[in-house]
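Before any comments, here is the structure.
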Ligand code: PXP
């Protein structure tokens, strides 16, 4: 049991469930089923601590209406992933999610391929981070586990960095133990550095039942955002079981 007097025990690791790919399946037929908001309700009932949704420029999965519905119906914190563009800024300021995670976006990519170049795009990003913060929206920057990017995130006074776990997960899937260990070490030292800079640390991308435990064991990380695998696994076991099993692995990695 990881709750103490109704609140979470120290060291509790939050799970943000990304529901983008519920929308991907819905959009494959252009109708309304399956509804992302229904998945968000189920995720809440299964113990998710937050809902994450990525509104992409091309609206390939989550739609503007989904964001409005999630904001209106779901009491869990909403983490809106978005590119740093004027259009997305206007939408964020209108819906006021709890957090906005700024991500790089390329039209031709299948998923978010790398972290944001905070160091290179520092001046460009400042305008977005300042406006979001002024509107009481927490600013999260999706970055590779890299010192330069973390320093730049610190200079931008980001509230959160989300460390890109993709390189670690890919190394694991390739069966390359040396690279897996090296990528995990990069995530571990980046998490420690971000905490020293006073930035809250999250991680995500590509996590599965097989890869989650070592990342969940990194003590500075306070939240994982997981989507594709949970929604895929839900086809076989249902969303509730898929989420509760992930939750169990995260708690076990924290000794809870
Ligand atoms: N975090 C960020 C910033 C992402 O862009 C994504 C993918 O949309 C995720 C987490 C979730 O990744 P996955 O769907 O691979 O679990």
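Could you please find all residues in the range 52-63 being within 15 Å of the ligand (Cβ to nearest atom) and within 19 Å of the chain's Cα centre (by Cα)?
Initially, the range 52-63 is screened for residues within 15 Å of the ligand (Cβ to nearest atom), giving 52-62.
The answer is 52, 53, 54, 55, 56, 57, 59, 60, 61, 62.
Each row is one residue, and each column tells you yes or no for (1) buried (at least 21 other Cβ atoms within 10 Å of the Cβ); (2) in contact with a helix residue (DSSP H, G or I) (Cβ under 8 Å, 6 or more places away or on another chain).
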residue: 165; (1), (2): yes, yes
residue: 171; (1), (2): no, yes
residue: 175; (1), (2): no, no
residue: 181; (1), (2): no, no
residue: 187; (1), (2): yes, yes
residue: 196; (1), (2): no, no
residue: 213; (1), (2): no, yes
Determine whether the range 178-187 contains at least one residue that is more than 21 Å from residue 118 (Cβ to Cβ), within 14 Å of the ligand (Cβ to nearest atom) and under 17 Å from the mean Cα position of the chain (by Cα). no
Scan the range 48-84 residue by residue and report those that are out of contact with any helix residue (DSSP H, G or I) (no Cβ under 8 Å at 6 or more places or on another chain), within 25 Å of residue 127 (Cβ to Cβ) and either surrounded by fewer than 23 Cβ atoms within 10 Å (Cβ to Cβ) or modelled with pLDDT under 95 (or both). 56, 58, 59, 77, 83
Of the residues that make up the range 16-34, is at least one part of a loop (DSSP other than H, G, I, E, B) and under 22 Å from residue 139 (Cα atoms)? yes
Taking only the range 28-37 into account, find how many residues are under 27 Å from residue 250 (Cα atoms) and either under 19 Å from the mean Cα position of the chain (by Cα) or modelled with pLDDT under 95 (or both). 2
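Table: residues versus (1) outside any helix (DSSP H, G or I); (2) within 18 Å of the chain's Cα centre (by Cα).
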{"site": "215", "(1), (2)": "no, yes"}
{"site": "219", "(1), (2)": "yes, yes"}
{"site": "224", "(1), (2)": "yes, yes"}
{"site": "232", "(1), (2)": "no, yes"}
{"site": "235", "(1), (2)": "no, no"}
{"site": "242", "(1), (2)": "no, yes"}
{"site": "247", "(1), (2)": "no, yes"}
{"site": "250", "(1), (2)": "no, yes"}
Going residue by residue through the range 43-51, is there one that turns out to be away from the ligand (no atom under 16 Å from the Cβ), within 18 Å of residue 234 (Cα to Cα) and free of Cβ contacts under 8 Å to residues at least 40 places away in the same chain? yes
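Listed here are the residues, each with its yes/no results for (1) farther than 18 Å from residue 205 by Cβ; (2) at pLDDT 95 or above; (3) more than 13 Å from the ligand (Cβ to nearest atom).
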| residue | (1), (2), (3) |
| --- | --- |
| 1 | yes, no, yes |
| 15 | no, yes, no |
| 19 | no, yes, no |
| 26 | yes, yes, yes |
| 41 | yes, yes, yes |
Are any residues in the range 85-111 within 20 Å of residue 148 (Cα to Cα) and either crowded, with 21+ Cβ neighbours inside 10 Å or modelled with pLDDT of 95 or more (or both), and if so, which ones? 101, 102, 103
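The values are calculated or read from the model by the stated rules, or taken from the named source; none is laboratory data. Nothing here was measured: the structure is a model prediction, and the numbers come from that model. Neighbour counts run over all protein chains shown; Cβ positions are idealised from the backbone, glycine included.
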